[in-house]
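Only one structure is covered here, and it is reproduced in the block below.
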């Protein structure tokens, strides 16, 4: 797999060095200099369309079978434009299987403080000392305080060697170009990465401006990081890219002839991303919020897996498709959920003066540990309160809730990819079925996916 | 299965027999009756399937499990749903594990041996010829030489061993136990089921419990039921029985069932109730029949089904291959046992949702510990048991005040593992932990679980203490027979289905020998 990487404004191909190092054998990483930057400082053509054309030529010269495209900040907008051309059937771009945007500049005009823009437009026009100070300010403003000194220095050097015309072009027009209609909604499986502390292009902006342009978007936030993520957190970025490649590969496996249509239908229905603000259909908004807080403790999801398990449980309850049994001590499933969550909120309010969802992680965990142990007392003087579950009922409900959550979590194709699960591909439609041949201890079919925890990451 | 061409009877036809349920209890006798020329109708609550429909997906396969809600009570409440009871033409055999050990002769006489449990009103010699007939017909794969019964011969060679089986063999070799390929009702090579049907060899796909997509696994819809249909039996899917009509003498003259939302009434000379350990007593209790002994619903038993899991450095990929391809019967009567009876040990592979839910319910993991452990799935393997469970007056099935969608009261199943079960569990846990340690497993943990639904309509020789006699015939109603795991007087350490099938043929022969009361066909 080849990974083409596009850098941020003022950066260069070498911003990817640490990420590439960590992607090991899984990828051949080809980092490119956009026109006006890095070794291409003399190249011209700074508009988004021109940059996309330049990149298209370079990619087609490599003629990769299967490739992915990663774009950081400015590079992300170019990446989206290239992906649009690929999806529109440009033969030179055959083989694009996945895209990663990192603190991406969205297809729409980039949100930017106008004063900052004005200020930056004036940069790099004075003496070397001043330019250097401006480059330093640029890097430090966009990275957290713990950025490695060598990398900070390299970033400053990149800013100083770019063609100032390219800098001006992006600030004045490239960042303002509106590609949102042109890009539309891309089908290529996407990973959208945001730095939690990024000022203008952080998680909210990414969810609002980037995610809607991808029909198959996964979203990840890197904590305690700002805008220069490949420099600040190369390990996290590399891991997320490798995982995305595995998930993209898994989706390709799902689409392959090894998987039956019935299995594929079930998996693809489950792959659809949850709406960020799923309304409750069964439990009500408040109870769903509490349930989300509970399930977050039960299954703390990886940064790039955001399956809204609570909303999926809620939807399962509305269907009324039970699982064939329940604890006799508990009311019917939906009532058990509703009353258990009310009980939890009531207990939280008694102790801490707020709902369960408003508690910090430690308090949530400690309350759930009491539930798990069957000692979260909700009786007064030994009398059960109306509309409360007692400690043993809560314990039983919590077991059911955990079982429901883990079922929905594990059945999700992205989790199955994480587990390196091959069972879905046990033979497609028609006869004969391929099944498995290499089934002994330590044996693996050449095509079987590999667990993330086993992969070279 | 293909039902398009089958013979059909009218509700007004007085058929020779109505069979309720098409699983391991109902299908063999249905086929036997049909081949003997009887006019028989089977009523099946679930739908009809074609094997190609089964997805390789645990959630999407839920259509073959009995999902009518049951209430689980007691200290060790039973998990139902994907576990235990099935639905569809073929009953639980659609999802069963196809593990086919025979009963150990000693297990049939446990009370005589240990003053514990309950003796069967029949002995191994009564079952053996039927075991042989069933094994030959359904195509059981097994070893050349079965160490615990050396004269036994299996019709097919063993199925392939997967990673858990290889590890269990190594563990047994290391600690000095015998082990061999399990007796498995899965075709290890192409198996000629009938002149026009060849069941292909198993391709090690690992989804036995979600329905075999190629018919390599024995289920009733690829074995006995096609035979039954060929000889004129009618199978009516999606037909839920909820009542009986009786004449003044108490004989059943018609079976009431709901199909497409409409109640229908099938007239008949005899009824064979084969609904399994939960639905059979539930129907009898709901209709108030056949319970002069007060034993309907009593003595609910569930096998001790302890599993010991371990993590291995190399990949096990436990989804691959027939899941439980190795067996040892060395613990059927352990020398150091402080309990009555014993257990079989098998190797275990598993599919991931089932596994994860066991981890949650049985290991109690949650949070980061859970998520991290789940990622080790490809490195896990287990050994597990099927062990004796003694009948107890505290374990029984009764009716709830809650009703299902057709107005029948739901079952409450009370089950608390007793002292004997706990001791057997502890013994097995220790032995299997030793086995896994012997082969270098890490992160070893024991899952306490119980499986199968047994008892509840006990067979016996005393009508005061049993629901049916040793041929399965009700003591109270002369034309009612029961054949499923509900009639087991004790649990046995063997998995129940093979014995149910053997009993089914035995009941059929007994009925035929008796000279069944035949109706004069009203229309042919």
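The values are calculated or read from the model by the stated rules, or taken from the named source; none is laboratory data. On a predicted model such as this, the values are computed, not experimentally measured, just so you know. Cβ placement follows ideal geometry from the backbone for every residue including glycine, while neighbour counts extend to all protein chains displayed.
Numbers for the structure displayed
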quantity: Selection within the stretch A:372-390 - surrounded by 14 or more Cβ atoms within 10 Å (Cβ to Cβ) and either under 26 Å from residue B:356 (Cβ atoms) or at pLDDT 95 or above (or both); calculated: A:372, A:374, A:376, A:389
quantity: Elements of type strands (runs of 3 or more DSSP E) contained in the stretch B:1-84, each with 2 or more residues being under 28 Å from residue A:421 (Cβ atoms); calculated: none
quantity: Enumerated helices (runs of 4 or more DSSP H) restricted to the stretch A:52-152, each holding at least 3 residues that are more than 24 Å from the chain's Cα centre (by Cα); calculated: A:114-121, A:128-142
quantity: Among the candidates B:398, B:402, B:421, residue that is within 14 Å of another protein chain (Cβ to nearest Cβ), within 18 Å of residue B:452 (Cα to Cα), in contact (Cβ under 8 Å) with a residue 24 or more places away in the chain and not in a loop (DSSP other than H, G, I, E, B); calculated: B:398
quantity: Failed condition for residue B:170, given (1) surrounded by fewer than 20 Cβ atoms within 10 Å (Cβ to Cβ); (2) more than 14 Å from every other protein chain (Cβ to nearest Cβ); (3) in contact (Cβ under 8 Å) with a residue 12 or more places away in the chain; calculated: (2)
quantity: Filter result for residue B:216 (buried (at least 20 other Cβ atoms within 10 Å of the Cβ), within 30 Å of residue B:80 (Cβ to Cβ), at pLDDT 95 or above and within 14 Å of chain A (Cβ to nearest Cβ)); calculated: yes
quantity: Selection status of residue A:435, outside any helix (DSSP H, G or I) and either more than 7 Å from chain B (Cβ to nearest Cβ) or modelled with pLDDT of 95 or more (or both); calculated: yes
quantity: Residue B:366, sole failed condition from (1) surrounded by 18 or more Cβ atoms within 10 Å (Cβ to Cβ); (2) under 29 Å from residue B:322 (Cβ atoms); calculated: (2)
quantity: In the stretch B:194-253, the residues that are more than 22 Å from residue B:25 (Cα to Cα), free of Cβ contacts under 8 Å to residues at least 60 places away in the same chain and in contact with a helix residue (DSSP H, G or I) (Cβ under 8 Å, 6 or more places away or on another chain); calculated: B:197
quantity: Tally, over the stretch B:143-166, of residues that are buried (at least 19 other Cβ atoms within 10 Å of the Cβ) and touching a helix residue (DSSP H, G or I) at 6+ places or on another chain (Cβ under 8 Å); calculated: 2
quantity: Selection from the stretch A:408-430 of residues that are over 24 Å from residue B:439 (Cβ atoms), at the interface with chain B (Cβ under 7 Å from one of its Cβ atoms), out of contact with any helix residue (DSSP H, G or I) (no Cβ under 7 Å at 6 or more places or on another chain) and part of a loop (DSSP other than H, G, I, E, B); calculated: A:426, A:427
quantity: Of the criteria (1) within 14 Å of chain B (Cβ to nearest Cβ); (2) farther than 30 Å from residue B:81 by Cα; (3) surrounded by 20 or more Cβ atoms within 10 Å (Cβ to Cβ), which one residue A:450 fails; calculated: (3)
quantity: Which listed residue, of A:404, A:329, is within 12 Å of chain B (Cβ to nearest Cβ), surrounded by 15 or more Cβ atoms within 10 Å (Cβ to Cβ), assigned to a loop (DSSP other than H, G, I, E, B) and touching a helix residue (DSSP H, G or I) at 6+ places or on another chain (Cβ under 7 Å); calculated: A:329
quantity: Test result for residue B:345, under 30 Å from residue B:188 (Cα atoms), within 14 Å of chain A (Cβ to nearest Cβ) and within 19 Å of the chain's Cα centre (by Cα); calculated: no
quantity: Residue B:108 being in contact with a helix residue (DSSP H, G or I) (Cβ under 9 Å, 6 or more places away or on another chain) and either under 30 Å from residue B:330 (Cβ atoms) or assigned to a loop (DSSP other than H, G, I, E, B) (or both); calculated: yes
quantity: Among (1) buried (at least 21 other Cβ atoms within 10 Å of the Cβ); (2) farther than 19 Å from residue B:474 by Cβ, the one test that residue B:231 misses; calculated: (1)
quantity: The stretch B:69-89, residues that are in contact with a helix residue (DSSP H, G or I) (Cβ under 9 Å, 6 or more places away or on another chain) and more than 7 Å from chain A (Cβ to nearest Cβ); calculated: B:76, B:82, B:83, B:84, B:85, B:86, B:87, B:88, B:89
quantity: Test: residue A:399 is away from chain B (no Cβ under 14 Å) and more than 25 Å from the chain's Cα centre (by Cα); calculated: no
quantity: Restricting the stretch A:332-345 to residues that are touching a residue at least 40 places away in the same chain (Cβ under 8 Å) and closer than 27 Å to residue B:279 by Cβ, the residue that is surrounded by the fewest Cβ atoms within 10 Å (Cβ to Cβ); calculated: A:334
quantity: Sole exception among (1) within 14 Å of chain B (Cβ to nearest Cβ); (2) at pLDDT 95 or above for residue A:321, by number; calculated: (2)
quantity: Of all residues in the stretch B:46-63 being more than 8 Å from chain A (Cβ to nearest Cβ) and crowded, with 23+ Cβ neighbours inside 10 Å, the one that is modelled with the lowest pLDDT; calculated: B:61
quantity: Residue A:370 within 17 Å of residue A:342 (Cα to Cα), away from chain B (no Cβ under 12 Å), free of Cβ contacts under 8 Å to residues at least 60 places away in the same chain and touching a helix residue (DSSP H, G or I) at 6+ places or on another chain (Cβ under 6 Å); calculated: no
quantity: Single condition residue A:351 does not satisfy, out of (1) part of a loop (DSSP other than H, G, I, E, B); (2) modelled with pLDDT under 95; (3) more than 13 Å from chain B (Cβ to nearest Cβ); calculated: (1)
quantity: Extreme residue, surrounded by the fewest Cβ atoms within 10 Å (Cβ to Cβ), among residues of the stretch A:438-447 that are touching a helix residue (DSSP H, G or I) at 6+ places or on another chain (Cβ under 8 Å) and more than 7 Å from chain B (Cβ to nearest Cβ); calculated: A:447
quantity: Some residue of the stretch B:289-300 being without any contact (Cβ under 8 Å) to a residue 24 or more places away in the chain, surrounded by fewer than 20 Cβ atoms within 10 Å (Cβ to Cβ), more than 21 Å from the chain's Cα centre (by Cα) and at positive phi; calculated: yes
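Conditions (1) buried (at least 20 other Cβ atoms within 10 Å of the Cβ); (2) without any contact (Cβ under 8 Å) to a residue 24 or more places away in the chain, marked per residue:
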{"position": "A:21", "(1), (2)": "no, no"}
{"position": "A:24", "(1), (2)": "no, no"}
{"position": "A:30", "(1), (2)": "no, no"}
{"position": "A:52", "(1), (2)": "yes, no"}
{"position": "A:58", "(1), (2)": "no, no"}
{"position": "A:61", "(1), (2)": "no, yes"}
{"position": "A:70", "(1), (2)": "yes, no"}
{"position": "A:73", "(1), (2)": "yes, no"}
{"position": "A:88", "(1), (2)": "no, yes"}
